[in-house]
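Scroll down for the structure; my scribbles are underneath it.
The values are calculated or read from the model by the stated rules, or taken from the named source; none is laboratory data. Just so it is clear, the structure is predicted and the values come from calculations on it, not from any experiment. Heads up, the Cβs are rebuilt from the backbone with ideal geometry, glycines too, and the neighbour counts pull from every protein chain shown. Accessible surface areas use protein heavy atoms only, side chains included; no ligands, DNA or RNA. Shrake-Rupley method; radii C 1.70, N 1.55, O 1.52, S 1.80 Å.
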Amino acid sequence: MYASMTGMLWGLLALTASATPILEHALYSRAVNFTNPILWEDYPDLDVFRVGDVFYYSSSTFAFSPGAPVLKSYDLVNWTPVTHSVPRLDFGSRYNLNSATDRAYVKGIWASSLNYRKSNDMFYWIGCIDGGTSYVYTAGDTGAGKNNGEVANWNWNQLTTLPKCYYDCGLFFDEDDTVYVAYGKTNIMVAQLSKDGKSEVKSQQVYVSPESAYIEGSRMYKINGTYYIFVTKPASEEWVLKSKSPWGPYEMRVLVASIAGPLPNAGYSHQGGVVNTKDNKWWYVAFMDSFPGGRIPVAAPLTWTSDGWPQLVKDGNSWGKTYPMPVETTKTVPSPAGTDKFEGSSLSHEWEWNHNPDSTKWKLLGGSGGLQLGSATVTDDLFTARNTLTHRIIGPKSHGTFRIDISQMKDGDRSGAALFRDAAAYIGVYKDASSAKIVMVNNLNLDSNWATNSKGTVAATGPTLTVDTKEVWFRVQADITPAFSGTTVQRTTTFWYSTDGSKYTQLGPAFPMTNAWQFFSGYRYAVFNHATKALGGQVTVKSFTMQLV
């Protein structure tokens with residue numbers, strides 16, 4: 001996709017309503033072909049569907065808040081985030097990052113499902129949280145049906161909770177408006193929900209995996225009168241279950257198994273969904289394990305056999321690097337690269353907090369004032385500091401630059417820009433009563449149970465700032481080229497600072513990122529401000545710029 005970008009049309013772009021953030025982003029260029037991956041950012045466990053001319057895409061977010069981002073596209077290739085289905089993680093106190101022993105890392109929103117119900121013009125999201133309860137959120141009166149798929153205003157609310165885990169579920173509305181959920185692992189189940197979606201009518205097992213092979217990630221469809229459930233055998237295969245009835249019996253065929261490409265040193269493409277264009281061309285959208293960057297989406301066309309089985313269009317025996325664009329359209333969306341000056345009345349949906357934020361400790365100042373981050377936690381542990389704001393990293397190589405007003409920091413405060421994951425590092429300011437110094441800190445680590453086992457080591461110390469220094473620029477430059485498979489290489493990140501926004505100086509050694517998958521989320525850019533002595537200090541984030549390098 002990025003190979004097809006012909007240039008950056010920098011300009012001020014107001015996306016929809018007045019409450020929408022104002023962003024300076026490039027627009028994707030039009031192209032005849034596209035290059036996989038379709039979006040070089042961490043958007044795993046995807047669900048994808050179309051309403052009118054608009055494609056929608058939902059993804060996992062774990063303990064990041066708001067949760068379950070929704071992206072839109074007009075061509076199935078160029079995507080931009082437009083909302084979150086779960087505005088706040090109201091799943092229990094640990095999602096508020098209360099303390100070092102009351103946190104929710106790697107919990108929360110796993111593989112969930114989003115779909116549109118034509119009969120009442122509502123979007124429904126459903127997900128199992130912490131292995132017990134399933135939550136249902138809805139956005140109603142969206143106007144998508146009469147506006148060719150466009151939604152002017154999203155208004156998400158929790159509809160209900162269901163006392164059952166619909167694990168890795170796929171939500172489906174049949175032609176007669178019956179509500180189904182396919183779910184489970186190894187043994188695949190189908191449940192029928194009540195018409196209002198608030199209770200279960202019935203549930204039964206519809207497929208038993210041969211030789212107890214582990215499968216999950218259900219996505220349910222009805223195509224030409226036939227029911228399909230797509231499931232994944234992680235982390236290498238996608239299976240298709242097919243039946244004339246939602247209740248089975250289902251036959252099975254393998255769609256892809258250990259398919260090579262389209263990026264070296266990445267995992268196999270698997271676990272996703274299928275969607276058709278208006279002219280009824282079908283596409284399979286999956287993700288690749290591409291750590292350290294995370295799990296990134298790829299797309300390929302499907303053909304169908306005479307007896308109704310989908311087949312992937314390959315490049316030889318591999319997933320194609322390039323395919324023709326699925327849709328020819330003049331409509332476009334902003335690319336991820338660009339600048340956010342925090343000028344709107346709400347944060348862009350590109351941003352997610354580490355756990356739920358303390359809403360009393362941050363605000364948008366309006367106009368060109370920026371984002372004010374008051375210290376929300378007294379701690380020397382970044383993994384326990386509330387109101388750390390994160391942003392996905394665009395690949396394969398990019399940098400994220402935060403411009404920060406530090407003039408209101410207090411004694412003991414720490415603020416800066418982080419490369420955020422379970423093995424992390426940052427560049428920032430340590431403030432004491434009489435001075436402020438720039439430091440680069442590495443060796444921040446969570447253990448395998450997601451408890452903090454290292455709060456970090458100062459790897460390098462930069463200049464002590466003068467009392468007249470009001471603003472600093474911190475840059476994190478990351479190489480998230482896949483290093484997950486077939487290599488022992490560790491990709492690295494470097495940290496830079498500037499006191500004038502023009503000349504940047506690297507501080508500290510290059511930081512080797514982990515390629516492990518167990519944290520699930522890929523690395524993110526992040527900005528933070530926390531106290532180590534007492535609350536009361538604050539910083540103002542004036543802008544964030546992300547650029548490919």
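Could you tell me whether any residue of the range 241-250 is more than 25 Å from ASN317 (Cα to Cα), in a strand (DSSP E or B) and of a type outside the set (Asp, Glu)?
The answer is yes, given that some residue of the range 241-250 is more than 25 Å from ASN317 (Cα to Cα), in a strand (DSSP E or B) and of a type outside the set (Asp, Glu).
With the requirement that a residue be of a type in the set (A, V, I, L, M), over 30 Å from ASP121 (Cβ atoms) and either open to solvent by 20 Å² or more (accessible area, probe 1.4 Å) or modelled with pLDDT of 95 or more (or both), what does the range 1-42 give you?
ALA3, MET5, MET8, LEU9, LEU12, ALA31, VAL32
State whether one or more residues within the range 428-442 are more than 22 Å from the chain's Cα centre (by Cα), assigned to a strand (DSSP E or B) and under 17 Å from THR545 (Cβ atoms).
No; the residues of the range 428-442 include none that is more than 22 Å from the chain's Cα centre (by Cα), assigned to a strand (DSSP E or B) and under 17 Å from THR545 (Cβ atoms).
Would you please list the contacts, defined by Cβ atoms under 6 Å and residues six or more apart or on different chains, that run from a residue in the range 133-145 that is in contact (Cβ under 8 Å) with a residue 24 or more places away in the chain to a residue that is of a type in the set (Phe, Trp, Tyr) and open to solvent by 30 Å² or more (accessible area, probe 1.4 Å)?
What qualifies is ALA139/TRP154.
Cβ-Cβ distance below 6 Å, separation of 6 or more or different chains: which pairs start in the range 175-200 with a residue that is within 21 Å of LEU241 (Cβ to Cβ) and end on one that is part of a loop (DSSP other than H, G, I, E, B) and open to solvent by 10 Å² or more (accessible area, probe 1.4 Å)?
Close Cβ pairs satisfying both conditions: TYR180/PRO246; TYR183/TYR167; GLY184/TYR167; LYS185/TYR167; THR186/TYR214; VAL190/PRO246.
Answer yes if at least one residue in the range 289-303 is of a type in the set (Val, Ile, Thr), open to solvent by less than 60 Å² (accessible area, probe 1.4 Å) and out of contact with any Pro (no Cβ under 6 Å at 6 or more places or on another chain), and no otherwise.
There is no residue in the range 289-303 that is of a type in the set (Val, Ile, Thr), open to solvent by less than 60 Å² (accessible area, probe 1.4 Å) and out of contact with any Pro (no Cβ under 6 Å at 6 or more places or on another chain).
Within the range 381-400, does at least one residue satisfy the condition of being over 17 Å from the mean Cα position of the chain (by Cα), assigned to a strand (DSSP E or B) and closer than 27 Å to GLY92 by Cβ?
No, the range 381-400 contains no residue that is over 17 Å from the mean Cα position of the chain (by Cα), assigned to a strand (DSSP E or B) and closer than 27 Å to GLY92 by Cβ.
Any chance you could count how many residues in the range 439-451 are over 19 Å from PRO512 (Cα atoms) and either in contact with a strand residue (DSSP E or B) (Cβ under 8 Å, 6 or more places away or on another chain) or among the polar types (S, T, N, Q) (or both)?
Quick first cut of the range 439-451, residues over 19 Å from PRO512 (Cα atoms) only: 449-451.
Checking the rest, the ones that are also either in contact with a strand residue (DSSP E or B) (Cβ under 8 Å, 6 or more places away or on another chain) or among the polar types (S, T, N, Q) (or both) come to 449.
Qualifying residue count for the region: 1.
Do the conditions hold for TYR207, that is, is it touching a residue at least 24 places away in the same chain (Cβ under 8 Å) and assigned to a loop (DSSP other than H, G, I, E, B)?
no
Can you go through GLY369, GLY320, GLY338, GLY344 and tell me which one is among the small types (Gly, Ala, Ser), surrounded by 14 or more Cβ atoms within 10 Å (Cβ to Cβ) and under 23 Å from TYR426 (Cα atoms)?
GLY338
As an exercise: evaluate THR514 against (1) surrounded by fewer than 21 Cβ atoms within 10 Å (Cβ to Cβ); (2) over 22 Å from the mean Cα position of the chain (by Cα); (3) of a type outside the set (Lys, Arg); (4) over 16 Å from ALA436 (Cβ atoms) and give the number of the one condition it does not meet.
THR514 satisfies all of (1) surrounded by fewer than 21 Cβ atoms within 10 Å (Cβ to Cβ); (2) over 22 Å from the mean Cα position of the chain (by Cα); (3) of a type outside the set (Lys, Arg); (4) over 16 Å from ALA436 (Cβ atoms) except (2).
Would you confirm, using the coordinates I've provided, whether ASN153 is modelled with pLDDT under 95 and either under 26 Å from the mean Cα position of the chain (by Cα) or within 24 Å of ASP53 (Cβ to Cβ) (or both)?
It is true that ASN153 is modelled with pLDDT under 95 and either under 26 Å from the mean Cα position of the chain (by Cα) or within 24 Å of ASP53 (Cβ to Cβ) (or both).
Could you pull out the residue among THR457, THR488 that is open to solvent by 50 Å² or more (accessible area, probe 1.4 Å) and in a loop (DSSP other than H, G, I, E, B)? If you could, list the steps in order and put the result at the bottom.
On the way: THR457 fails: in a loop (DSSP other than H, G, I, E, B).
After applying the criteria, what remains is THR488.
Are any of the residues in the range 474-482 part of a strand (DSSP E or B), more than 22 Å from the chain's Cα centre (by Cα) and either of a type in the set (Ser, Thr, Tyr) or surrounded by 14 or more Cβ atoms within 10 Å (Cβ to Cβ) (or both)?
Keep residues of the range 474-482 that are part of a strand (DSSP E or B), which gives 474-479.
From the residues that got through so far, the ones that are more than 22 Å from the chain's Cα centre (by Cα) too are 474.
The next check asks that each one be either of a type in the set (Ser, Thr, Tyr) or surrounded by 14 or more Cβ atoms within 10 Å (Cβ to Cβ) (or both); those that pass are 474.
Yes, that holds for at least one residue.
Kindly establish whether TRP319 is within 25 Å of THR481 (Cα to Cα), touching a residue at least 12 places away in the same chain (Cβ under 8 Å) and in the same structural domain as PRO81 (by the TED database).
On the way: within 25 Å of THR481 (Cα to Cα): yes; touching a residue at least 12 places away in the same chain (Cβ under 8 Å): yes; in the same structural domain as PRO81 (by the TED database): yes.
Judged against the criteria, TRP319 is a match.
Within the range 460-473, restricting attention to residues that are open to solvent by 40 Å² or more (accessible area, probe 1.4 Å) and polar (S, T, N, Q), which residue is farthest from the chain's Cα centre (by Cα)?
THR466
At positive phi, assigned to a strand (DSSP E or B) and in contact with a Phe, Trp or Tyr (Cβ under 9 Å, 6 or more places away or on another chain): which single residue out of GLN271, GLN311 fits that description?
Unique residue meeting the criteria: GLN271.
For the range 323-335, what are the residues that are open to solvent by 40 Å² or more (accessible area, probe 1.4 Å) and not in a loop (DSSP other than H, G, I, E, B)?
Once the filter is applied, which keeps residues that are open to solvent by 40 Å² or more (accessible area, probe 1.4 Å) and not in a loop (DSSP other than H, G, I, E, B), the range 323-335 yields only PRO324.
Considering only the range 199-236, how many residues are polar (S, T, N, Q), within 30 Å of GLY294 (Cβ to Cβ) and open to solvent by 20 Å² or more (accessible area, probe 1.4 Å)?
Residues flagged as polar (S, T, N, Q), within 30 Å of GLY294 (Cβ to Cβ) and open to solvent by 20 Å² or more (accessible area, probe 1.4 Å) within the range 199-236 amount to 2.
Looking only at the range 354-366, how many residues end up being open to solvent by 10 Å² or more (accessible area, probe 1.4 Å) and outside any loop (DSSP other than H, G, I, E, B)?
6
In the list LYS195, LYS202, LYS118, LYS164, which residue meets the criterion of being basic (Lys, Arg), more than 28 Å from GLY225 (Cα to Cα) and in the same structural domain as GLY272 (by the TED database)?
Just one listed residue meets the conditions, LYS164.
Which number in (1) part of a loop (DSSP other than H, G, I, E, B); (2) free of Cβ contacts under 8 Å to residues at least 40 places away in the same chain marks the one condition that ASN157 misses?
(1)
Looking at (1) surrounded by fewer than 22 Cβ atoms within 10 Å (Cβ to Cβ); (2) not in a loop (DSSP other than H, G, I, E, B), which one does ASP411 not meet, given that it meets all the others?
(2)
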